[in-house]
Amino acid sequence: MEGAQRADPGTVGTSPPDRVALPRWVGPLYLLLAAGLVPWIVFLAMTLPRRAEAEHYRIAWVGFDIGMLGVLGAFGFLALRRSRWTQPLATCAATLLIVDAWFDVVTAAGRADLLMAVGLAGVFELPLAMLCVWLAHNVERVRQRRVWRLWHRVTELEAWAHRARRHPRPGG
């Protein structure tokens, strides 16, 4: 490992994140898609009715909650296994929980439903979403710390081996 630069522990978290191997067209495509949503949102805001009855309202919510069950279950299973896939699933779970809270609140039929939706959002959905965001963020930090500790052990062993070669034990 001669010639390798050694990282300063104080700068480990301050360097820019590693680049992800993506084609160059991905960023512009998604920026274009995001920009294209602006007129669509304006169109919907101007044309959608204030009230609507959905034929498949029940199946939409049950299907959404089944999807959320799958994501939360997979997240829990992978967290037990300490899998690297917990980070994206935590992010996905946070997103689903926030979306669930939002639509529960804005689709509440009456005052009692609204109070129930706000209560569930405040007590369960949003705190769990924040926990998921925190976990997703800290999974990466823990991974970086473990890599740093491993790197530190390797450099210590390298230094020990170098000293042992330069100063062999007497009689050995």
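The values are calculated or read from the model by the stated rules, or taken from the named source; none is laboratory data. Worth saying up front: this structure is predicted, and the values here are computed from it rather than measured. Cβ coordinates were reconstructed from backbone atoms using ideal geometry, including for glycine residues, and neighbour counts include every protein chain displayed.
Within the range 114-139, track down each residue that is of a type in the set (G, A, S) and within 14 Å of the chain's Cα centre (by Cα).
A129, A136, listed by residue number.
V142 falls short on exactly one of the conditions (1) of a type outside the set (F, W, Y); (2) modelled with pLDDT under 95; (3) under 11 Å from the mean Cα position of the chain (by Cα), and that condition is (3).
For the range 150-164, state whether one or more residues are of a type in the set (S, T, Y), under 30 Å from R58 (Cβ atoms) and assigned to a helix (DSSP H, G or I). So far as the range 150-164 goes, no, none of its residues is of a type in the set (S, T, Y), under 30 Å from R58 (Cβ atoms) and assigned to a helix (DSSP H, G or I). Would you confirm, using the coordinates I've provided, whether W102 is touching a residue at least 60 places away in the same chain (Cβ under 8 Å), surrounded by 14 or more Cβ atoms within 10 Å (Cβ to Cβ) and assigned to a helix (DSSP H, G or I)? Taking the combined requirement at face value, the residue does not satisfy it.
For L72, indicate whether it is aliphatic (A, V, I, L, M), modelled with pLDDT of 90 or more, under 24 Å from E140 (Cα atoms) and under 20 Å from the mean Cα position of the chain (by Cα). Let's see the steps before the verdict.
On the way: aliphatic (A, V, I, L, M): yes; modelled with pLDDT of 90 or more: yes; under 24 Å from E140 (Cα atoms): yes; under 20 Å from the mean Cα position of the chain (by Cα): yes.
Considered against the rule, which asks whether it is aliphatic (A, V, I, L, M), modelled with pLDDT of 90 or more, under 24 Å from E140 (Cα atoms) and under 20 Å from the mean Cα position of the chain (by Cα), L72 comes out as yes.
The condition of being in contact with an Asp or Glu (Cβ under 6 Å, 6 or more places away or on another chain), assigned to a helix (DSSP H, G or I) and either within 16 Å of F64 (Cβ to Cβ) or at pLDDT 95 or above (or both) holds for only one of A121, A94, A129, A117, that being A117. Within the range 152-172, being surrounded by 12 or more Cβ atoms within 10 Å (Cβ to Cβ) and at pLDDT below 85 holds for H152, H162.
Restricting attention to the range 75-91, the residues being surrounded by 15 or more Cβ atoms within 10 Å (Cβ to Cβ) and either more than 14 Å from V139 (Cα to Cα) or β-branched (V, I, T) (or both) number 2.
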